[in-house]
Each structure stands twice: as structure tokens, then as C-alpha cells.
Amino acid sequence: QVQLVESGGGLVQAGGSLRLSCVASGVAFSASDFGWYRQAPGNERELVASISGTGRTNYVDSVKGRFTISRDNAKNTVYLQMNSLRPEDTAVYYCKGENIFWRRWGQGTQVTVSS
């Protein structure tokens, strides 16, 4: 059974840091692509960062230079290191994983940045 479980969200002051984790089970992890998305109240869900099975990364312009996506294939885990957080980063963050055989979302983790 495919499952993605996020953790690491919380409340942080502006300028602070958080690291989100997404643990995948029941999948061929190293052969899968992953992305971190976020959704703020009243907004559409947007892609924040992605990482392919080969390690190629991509970021939305608003987080470039502040967020880093990475993966540890030995731990079946994808990370999102978020530095210099801003109030506008406040959202529920979701992990999505996929390859040609499967696609799944995690349950989400709340990130709140206070000014």
C-alpha cells in the first residue's frame, strides 16, 4: 500500500527555518519523482519544489535561494529545508510522489510564519 507521511511543520517567526520530511512506503522510491506543494486559505495549491528520481530539482521563483529540496533514497524520505521564512509562506504543505505506476498525496502539514 502506497503511503506518504509528512512531518516537520509548525509555528515559526519570520526569518526562521523549518525542515519538512516526507516518508514514502510501498513504492519504488528511487525510481519516483517527488514534489512539495502548498495551499494557503483561498488560494490554489501550488508547486513549491520538485525533485526527480535522478536528483534534478526545480523551484518556484518565490522560494529560490531560501528553500532546498533533497532526497535520501536509503531512508525513502524527501526533505524540504525552508530558511528565511516569510509570513507569505504560511500554508498547508503537501508532499506528492509519482512514477508511471502510481501517484499519491500526503495528508499535509501546517506551516505558520508569524511576523
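The values are calculated or read from the model by the stated rules, or taken from the named source; none is laboratory data. If you're wondering where the values come from, they're calculated on a predicted model, not measured in any experiment. When we count neighbours, we look across all protein chains shown, and the Cβ atoms used for this are built from the backbone with ideal geometry, even at glycine. Accessible surface areas use protein heavy atoms only, side chains included; no ligands, DNA or RNA. Shrake-Rupley method; radii C 1.70, N 1.55, O 1.52, S 1.80 Å.
Yes/no per residue for (1) in contact with a Lys or Arg (Cβ under 8 Å, 6 or more places away or on another chain); (2) modelled with pLDDT of 95 or more; (3) basic (K, R):
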position	(1), (2), (3)
G8	yes, yes, no
A31	no, no, no
P41	no, no, no
E44	no, yes, no
L47	no, yes, no
S52	no, yes, no
N58	no, yes, no
K64	no, yes, yes
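If I ask for residues that are of a type outside the set (V, I, T), open to solvent by less than 60 Å² (accessible area, probe 1.4 Å) and farther than 19 Å from S70 by Cβ, which ones from the stretch 1-15 would you list? Result: G10, A14, G15.
Does R66 count as among the basic types (K, R), within 17 Å of L20 (Cα to Cα) and open to solvent by 10 Å² or more (accessible area, probe 1.4 Å)? Full working, then the answer.
Numbers: among the basic types (K, R): yes; within 17 Å of L20 (Cα to Cα): yes; open to solvent by 10 Å² or more (accessible area, probe 1.4 Å): yes.
Considered against the rule, which asks whether it is among the basic types (K, R), within 17 Å of L20 (Cα to Cα) and open to solvent by 10 Å² or more (accessible area, probe 1.4 Å), R66 comes out as yes.
Listed here are the residues, each with its yes/no results for (1) out of contact with any strand residue (DSSP E or B) (no Cβ under 9 Å at 6 or more places or on another chain); (2) without any contact (Cβ under 8 Å) to a residue 60 or more places away in the chain; (3) of a type in the set (A, V, I, L, M, F, W, C).
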{"position": "R38", "(1), (2), (3)": "no, no, no"}
{"position": "E44", "(1), (2), (3)": "yes, yes, no"}
{"position": "S62", "(1), (2), (3)": "no, yes, no"}
{"position": "N73", "(1), (2), (3)": "yes, yes, no"}
{"position": "T77", "(1), (2), (3)": "no, yes, no"}
{"position": "E98", "(1), (2), (3)": "no, no, no"}
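F101 falls short on exactly one of the conditions (1) among the aromatic types (F, W, Y); (2) closer than 30 Å to S115 by Cβ; (3) open to solvent by 40 Å² or more (accessible area, probe 1.4 Å), and that condition is (2). May I ask you to list the residues in the stretch 19-55 that are in a strand (DSSP E or B), open to solvent by 30 Å² or more (accessible area, probe 1.4 Å) and among the hydrophobic types (A, V, I, L, M, F, W, C)? Correct list: V23, L47. Taking residues in the stretch 81-94 that are in contact (Cβ under 8 Å) with a residue 24 or more places away in the chain and within 9 Å of Q110 (Cβ to Cβ), and partners anywhere that are assigned to a strand (DSSP E or B) and basic (K, R), the pairs with Cβ atoms closer than 7 Å and at least 6 places apart or on different chains are A91/R38; V92/R38; Y93/R38.
Being among the aromatic types (F, W, Y), in contact with a Ser or Thr (Cβ under 6 Å, 6 or more places away or on another chain), within 23 Å of G16 (Cβ to Cβ) and open to solvent by less than 80 Å² (accessible area, probe 1.4 Å) is the requirement here; does Y93 meet it?
Values: among the aromatic types (F, W, Y): yes; in contact with a Ser or Thr (Cβ under 6 Å, 6 or more places away or on another chain): yes; within 23 Å of G16 (Cβ to Cβ): yes; open to solvent by less than 80 Å² (accessible area, probe 1.4 Å): yes.
Yes; evaluated as a whole, the condition is true for this residue.
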